[in-house]
Every structure is written in structure tokens, then in C-alpha cells.
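The values are calculated or read from the model by the stated rules, or taken from the named source; none is laboratory data. Computed from a prediction, not measured in an experiment: that's the story for all the values here. Cβ placement follows ideal geometry from the backbone for every residue including glycine, while neighbour counts extend to all protein chains displayed. The protein model used for the area step is the full one, side chains on, heavy atoms only, and it has no ligands, DNA or RNA in it. Shrake-Rupley method; radii C 1.70, N 1.55, O 1.52, S 1.80 Å.
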Amino acid sequence: MYSRITGTGGFLPEKVLTNHDLEQMVETSDAWIRERTGIEKRHVAGEGETTCDLAEAASRRALAAAGVDVAEIDLIIVATTTADKIFPSTACLLQKRLGIHGPAAFDVQAVCSGFVYALTVADKFIRTGSAKKALVVGAETLSRITDWSDRSTCVLFGDGAGAVVLEASDEPGILSTHLHADGKYDELLHVPTGVSQNYDAVRQGRAFMEMQGNDVFRFAVRTLGKIVDETLAANDMKKGDIDWLVPHQANIRIIAATAKKLNMPMERVVVTVNEHGNTSAASVPLALDVAVRDGRIQRGDTLLLEAFGGGFTWGSVLLKY
Ligand code: UT7
């Protein structure tokens, strides 16, 4: 028994913030942002627009693409760092919106690696027969935890959601999944406030992302290189066997380094960081959806999905689309 992606969906908030807009807000330049990150613009949620709103829109598109009715869904997993409420989970809120009653629904918190983690969990539910049709979503409103006066972080992030329907199938499907984490690096990329620690900052609206960008960059490049090797070795595959790299969209320089490690021309890499910025858990499913809908990714293609993020967490999924 395999699990197979049968439909993808994506959704971006209407409001767009360009690099030129950011030039009016902090001391930065379009040239610096493009050169160091590859980002040209990002979408940000409007007033009152929530992570669940974005998740619902992406989910409905994925369900339509798969030709699956909501009543058939027997598992919902939402990867997010920016839940609508402290509780219940965004997955439960999404379940209510979709009018589904009964099946398991929960959030996965692995920051930018969240979707790769969620897809891995859903794959295991399906392979063990615990679910047949899962909705797996990555959705974020990072703009809510962005310090818009900090130029070292505010130019990097954006909001959005991506979703897939994952179904039980006799044909592959997800071939292998690889998850890792090392919590000793928590302070290099974090929001240092939460419910049981520094809650006053949350009350006062000062719960913002902080990042040691340089350290994260170096660790990400090294680690993503290693996970490429690990994934190929586990499947007895060569670099040339991968048709498409669908990477986490944090920085074009990190993406290019991973592509180089695979000897892959950039034409075989799905890049959305220029248009979306870093949307954390939403970035991989959004990129996947873009390349499926524009016809680049075709049924039967071999895809390598990979991500790296706060925790640190990192992981990959190798699959036949
Ligand atoms: O998704 C989770 C994982 N996250 C990531 O993978 C992000 C990883 N990190 C990065 O992508 C990069 O480190 C950044 C894009 C965040 C920063 O790029 P960098 O090439 O590492 O720049 P830097 O931090 O070394 O800064 C270089 C210079 C500094 O000035 P000085 O000290 O050389 O005078 C910064 O103050 O650039 C300055 N700087 C800026 N200048 C204009 C930092 N941010 C900006 C800015 N505009 N927005």
C-alpha cells in the first residue's frame, strides 16, 4: 500500500508587498533583497484574514483538483506555526469550515519543515491502513509574528497556504520520507515568547521572529546537501533520477546550492521565492501546486521535496507524482 498525491491547491492573500514598499518602511533596497535572497515581493494577509482562511481556500482547490468530496476525507493535518487560536488546532477549525465531523484532525508544528513533517505523518497513517484519504495542509500568516521594523527579518517572509489530497493507492506514490531535528539550535531561529514563557510579550503584541541569518544559512546549506544524499541512497537512486526539485523557499542562494549538489539545472527546480518570499510551512505545497498547475510537473515524474527550518528541523520526501 502506498500513499499518492491526487490533487494540489494553493492560496495567496490578495495584498502584495513589494521590495519597493519595504524601502518605505525600513532601511533596505530592492537591489539588496533581490541579490541576497531572490525575493521580489510577498503576499500578506489582510486585516482579519487568518491562517484558517488561507488553509480553507487552498484545501478546497486541492479537493476539487483531486475530485474528492469533503465527506470522503478521513484525516486532516495542518502544518502551521501561526495558528488562529492557541487552541483548538487550526486543523479542527478547518474541519469545522469544511463541514467534516469525526475523523482525526491535528496540527503539526515544525516551522518551515512543517509540511514535509505533516506529509510524512499522513503517509504513515495511509500505509498502516489508518486513513484512506488525507488532507495535508501547510498554512501561515507569518506577517503576524514579523517585526516590521527589523530589516534583517521583515524582508524575508510572506503569508499563504498550500494543500494536497493524499490517497491510498496500489501504485507509488511516496517512496520514502526522512525527518530530522536538533533542538540545540532553538535560539538561532525562534519567537522567544509563548504561552508558558514570556506571555506578557504576547499580550503586548511583541511576539516576533528573531533569526541569526548567517548561522541559519550555513547550517541549512550543509544539512540540505546531506539529506539529498540520504534520500538518494535510501532509494538506490542516482542524482539524474530526480525530475524535479521542489525545495523550501527561503533564499534562492540556498535553493541553488541544493540544486548544485544534485547536479540539477535550475530549469528543473521549482522556484517561487521571488513571488512569495518565505511562507514557512506553506512554501513547499505552494511551489508544488504552482508547478503542477502550469504543467511542468507531470504524472509519473519523480519529485524531491525538502525543507529546513526552526528547531532546527529538516526533512525530505521522495515521491512519484
Ligand atoms: O526558512 C527557515 C530558514 N531560514 C533561512 O534559511 C534564512 C537563512 N538566512 C538567509 O537567508 C540570509 O542569511 C539572510 C538573507 C537572512 C541575510 O543574508 P546575508 O548575506 O547572510 O547577510 P548578512 O546577515 O551577513 O548581512 C550583510 C549586511 C549587514 O551589514 P554589514 O554588517 O555588513 O554592514 C546587514 O546589516 O547586510 C545588512 N542587512 C541589510 N541591508 C539592507 C541585513 N538586512 C538587510 C536589509 N537591507 N534588509
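Taken together, Asp170, Asp236 contain a single residue that is acidic (Asp, Glu), over 22 Å from Pro285 (Cα atoms), more than 16 Å from the ligand (Cβ to nearest atom) and free of Cβ contacts under 8 Å to residues at least 12 places away in the same chain, which is Asp236.
Filter segment 208-220 for residues that are within 13 Å of the ligand (Cβ to nearest atom) and out of contact with any strand residue (DSSP E or B) (no Cβ under 9 Å at 6 or more places or on another chain); which is farthest from Phe308 (Cα to Cα)? Applying the filter and picking the extreme gives Asn214.
When segment 295-321 is limited to residues that are of a type in the set (Phe, Trp, Tyr) and under 23 Å from Asp236 (Cβ atoms), the one that is nearest to the ligand (Cβ to nearest atom) turns out to be Trp314.
Mind listing just one residue for me: the one in segment 14-34 that is surrounded by 13 or more Cβ atoms within 10 Å (Cβ to Cβ) and of a type in the set (D, E, K, R) and, of those, farthest from the ligand (Cβ to nearest atom)? Filtering first and then ranking leaves Lys15. Between Gly183, Gly225, Gly205, which is farther than 28 Å from Gly38 by Cα and within 16 Å of the ligand (Cβ to nearest atom)? When all the criteria are applied, what remains is Gly183. Residues that are of a type in the set (S, T, N, Q) and touching a residue at least 40 places away in the same chain (Cβ under 8 Å) within segment 264-291 comprise Asn274, Asn278, Thr279, Ser280, Ser283, listed in sequence order.
Counted as qualifying within segment 84-177 are the helices (runs of 4 or more DSSP H) with 2 or more residues that are closer than 30 Å to Glu23 by Cα, open to solvent by less than 30 Å² (accessible area, probe 1.4 Å) and at pLDDT 95 or above, namely 151-154. Considering only residues that are open to solvent by 50 Å² or more (accessible area, probe 1.4 Å) and more than 16 Å from the ligand (Cβ to nearest atom), which ones fall in segment 186-202? Correct list: Val195, Ser196, Gln197, Asn198, Tyr199, Asp200, Val202. Counting only helices (runs of 4 or more DSSP H) that sit completely within segment 245-317, those holding 1 or more residues that are among the acidic types (Asp, Glu) correspond to 273-276, 283-293. Consider segment 214-249 and keep the residues that are small (Gly, Ala, Ser) and surrounded by 13 or more Cβ atoms within 10 Å (Cβ to Cβ). The one that is farthest from Gly300 (Cα to Cα) is Ala220.
Just name the residue that is surrounded by the most Cβ atoms within 10 Å (Cβ to Cβ) out of those in segment 35-54 that are charged (D, E, K, R) and within 14 Å of Leu22 (Cα to Cα). That would be Arg42.
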